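Data first, discussion second: the structure below is written as structure tokens.
The values are calculated or read from the model by the stated rules, or taken from the named source; none is laboratory data. Just so you know, these numbers come straight off a predicted model, no measurement behind them. Areas reflect the complete protein model, heavy atoms only, side chains present, ligands, DNA and RNA absent. Shrake-Rupley method; radii C 1.70, N 1.55, O 1.52, S 1.80 Å.
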Amino acid sequence: MNNLESMEVQAIDKMLTPDNLMTINRVLDLLGTLDRMGFIDLINGALQDDELVSKIMGAMINDNTLTLITQMSNLGSIFKVITSEGVDEDLKLVFKMLSSLRQSGILDPIIGILNDQESLGKIMGSLVNDKTLQLINNWDSTLDLINAVGNAMKTEQKPVKSVIDIYRMMKDPEIQNGLGVLFGIIRELGKLAKTK
């Protein structure tokens, strides 16, 4: 027996495994059912019609189909992320939150704003203006200020009862610095009030 005959025998042996025989029988049953229903004659007739075949091929090889095929790998990556451990709970939480927003009626105005180009433009303009960007740039300073106010509220302060108490406090360098900042804020508020 030469190599070619040996390879053919091996291929036939592989095909005749019980699992493969069951699959082949199922395929043959399916083909028999399709033949009884008339689908095979229909497909055969369609394949004989050159115009119909060219339309089908055109539909299969158009830009949208090719784009979809190239994006299938991206969909596989997204599917892996979605099915990874813990993500399903996060997605349930997101959907629960969206459901709550919809039931409360908040979601409808948000969707309306997103569909209204003029309103959306105004919102984006207010988010990306100089003052907002300046606030973001000075965010650390803003947090420091909030923390300082919080610390002052927690610490027990001696009550100021007289001008003499104020005079004594004015000798404290930190109070002097704080008053400098406070007067700087008052100056900026004055400028703002003057321009309006």
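What accessible surface, in Å², does a 1.4 Å probe find on GLU5, ignoring ligands, DNA and RNA and rounding to the nearest 10?
Ignoring ligands and nucleic acids, GLU5 comes out at about 90 Å².
In what order, largest first, do VAL163, VAL181, VAL94 sit by accessible area if the probe radius is 1.4 Å?
Greatest to least solvent exposure: VAL163, VAL181, VAL94.
Check cross-link reach from LYS154 to the aspartates and glutamates: straight Cα distance under 19 Å, and skip same-chain residues fewer than eight apart.
Those aspartates and glutamates meeting the cut-off are ASP144, GLU174.
Working out 0.36 nm times the residue gap between ASP172 and ASP13, then minus their Cα-Cα distance, what length gain in nm do you get to one decimal? Please list the in-between numbers first.
On the way: separation 159, 0.36 × 159 = 57.24 nm, distance 9.74 nm.
Difference between extended and current length: 47.5 nm.
Would you give the gap between the C-alpha center of the stretch 172-194 and the C-alpha center of the stretch 138-163, rounded to a whole Å?
14
Could you give each residue of the stretch 43-51 its phi-based ³J(HN,Hα) in whole Hz, using Karplus coefficients 6.51, -1.76, 1.60 with θ = phi - 60°, and x for Gly or Pro?
Going residue by residue, I get 5, 4, x, 5, 5, 7, 8, 4, 5 Hz, with x marking Gly and Pro.
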